[in-house]
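Bear in mind that the values in this text are calculations on the coordinates, not laboratory data. As the structure is a prediction and not an experimental result, all values here were calculated from the model. Because the Cβ atoms are built from the backbone with ideal geometry, glycine has one as well, and the counts that use them run over all protein chains shown.
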Amino acid sequence: MTMKHWLLSALAALAAMPLVAQPITAESKTTILGEVAERIAKSAYVGGADFSKWPEFLAKHKEAIDAAETEEQFSAAVNAAFLEFGFSHLRLLSPRAAESQRTGNSVGIGILAAPDPEGVRVAEVLEGGNAFKAGLKPGDVILKANGKKVSTPEELRGEAGTKVKIEVKRVDGTVAEFEIERAVFSLVRKDKLTWLDESTAVLKVHSFAAGYDMKAIDQFFEEASKAKKLILDLRGNGGGSTANLFHLAGKFMDSQTELGKFITRGHAQMYIEKFGGTGSDPVAVAKEYGIPLRPFPSRSGKRFEGAVAVLINAGSGSASEILAAGVQDTKRGKLVGSRTAGAVLASTFMRLSSGFSLQLPLMEYVSPGGKRLEGAGVSPDVALAAEKMADDAGVIKAAVAAIDSSPA
């Protein structure tokens, strides 16, 4: 089972723009919508969600869906209908977006982004991309694209080589305009270990999906073994494979440490049969049932035993949130930064007709401390204001201070 972070999927949908927009027929729309409905009814699970409302939400967005002429417009219209549910990890990917999700190659302005009440929020700006060169920052909210208000990342799309004029609300509340050219780039970023001083190491892990290299992480921890302090940077890490999450956790946490539980539709049904009610509260269900999550034993047989601080922000989602919650609830380290995405459902990607793909939530997550993180996120132990979050050196300094202020 893999966890594909909703923000990463949003990025793939945002970035994966075909060189030529692909048309879609009414027949294909009908087929795909039928497959979506079937899979939702058969497999989807989110605590308290009423999936019987899908036809109602679909009808509400029928005009936009019928008007869609391309695969990208169609997936954008369907995703707008999905937003009516109010939870993460439910998305329709166009064939190009699905290919991008699988390969890590995309076309776009070079950002991680997700829907926001005001538009589309930038979770991370990919270094070296055109958005980075233009000066976009994490926390910026894109309000309009080419003069039109946006509500989903798909609305920022365009062909490689074309430009999009965006209106952006900056972190400080001011509004600015940018014109950015879309280009081909890779979503795969190499993780890296750096040193602040001889006793403090900083490990940046970009993703638990494409690009996560277990051998490289093993080597980083071998190098970091001589450090007394480790700052684990999960800012902008949208999640990915739980296997990668458990691997990283095992490098500095005991393999018997519980990182929380996954709750399935079956667990909820067992709860109903034993206790009655609706079984809609994953926290209540987790007290009786669930799949315990634990770190993998370190392959080297050694673990980092020094002090740990984990950096988080609104771009930290899914698997990153599970790790952050595990660190916080077991008191293995301090969390520094801002509240995480609150997109914590286990999901899978299902292939549909004509190359489309459906990201479908299958399991809920409850933290070791008994909290449901979907829609809530993880709050840091040391919260930093938005302007401080934009200062990388300041964030690192706050992490060191958090470690130094912790009991020995």
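Based on the Cα atoms of the range 240-325, what semi-axes does the equivalent ellipsoid have, where each is the square root of 5 times one gyration tensor eigenvalue, given in whole Å with the largest first? Each step should come with its number before you reach the end.
Working: eigenvalues 178, 45, 21 Å².
Sorted largest first and rounded, they come to 30, 15, 10 Å.
How high is the relative contact order of the range 108-186? Use alpha-carbon pairs under 8 Å, at least six apart in sequence, and give a whole percent. It comes to 31 percent, rounded to a whole number.
With R₀ fixed at 35 Å, the C-beta to C-beta distance from GLN256 to ALA41 puts the FRET efficiency at about 0.35. The number of Lys pairs in the range 43-146 with C-alpha atoms less than 30 Å apart, excluding pairs fewer than 8 positions apart on the same chain, is 5.
Summing Cβ point charges (Lys, Arg +1; Asp, Glu -1) relative to the Cα centre of the chain gives a dipole of roughly 680 debye.
Could you tell me which of the pairs LYS251/LYS331; LYS190/LYS229; LYS261/LYS334; LYS251/LYS334; LYS261/LYS287 are separated by over 18 angstrom between their Cα atoms in the structure shown? The pairs that break the limit, which is 18 Å between Cα atoms, are LYS190/LYS229; LYS261/LYS334. Here the Karplus curve 6.51 cos²θ - 1.76 cosθ + 1.60, taken at θ = phi - 60°, turns the phi angles of the range 28-40 into couplings of 5, 4, 4, 5, 5, 5, x, 5, 4, 4, 5, 6, 4 Hz, with x standing for Gly and Pro.
With a ≥ b ≥ c the root eigenvalues of the C-alpha gyration tensor of the chain, is it rounded (a/c under 1.5), prolate (a/b larger than b/c) or oblate?
Because a/c hits 1.5 or more and a/b fails to exceed b/c, the chain counts as oblate.
Cα centroids of the range 95-122 and the range 317-365: 17 Å apart. Amide H contacts for LEU362 (H built 1.01 Å from N in the peptide plane; partners 5 or more residues away or on another chain; cut-off under 5 Å): TYR45, ALA346, SER347, THR348.
With both labels modelled 7 Å from their Cα along Cα-to-Cβ, the GLU198 to ASP392 distance reads 2.6 nm. In this structure the amide hydrogen of VAL202, modeled in the peptide plane, comes within under 5 Å of the amide hydrogens of THR194, TRP195, LEU196, ILE231, none closer than 5 places in sequence on its chain. What is the diffusion coefficient of the range 290-400 in µm²/s, taking the Kirkwood radius over Cα pairs and the Stokes-Einstein relation at 25 °C with a viscosity of 0.890 mPa s? Calculated translational D: 157 µm²/s. By the compact-protein rule of thumb, 2.2 N^0.38 Å, the alpha-carbon radius of gyration of the range 108-186 corresponds to a ratio of 0.95. For the range 140-194, the relative contact order is 32 percent, taking Cα pairs closer than 8 Å that sit 6 or more residues apart in sequence and dividing their mean separation by the residue count.
Take every Cα pair under 8 Å whose residues are at least 6 apart in sequence, average their separation, divide by the length of the chain, and the relative contact order is 19 percent. Using θ = phi - 60° in the Karplus curve 6.51 cos²θ - 1.76 cosθ + 1.60, the 3J(HN,Hα) couplings for the range 378-386 round to 10, 8, x, 6, 10, 8, 10, 5, 4 Hz; x is entered for Gly and Pro.
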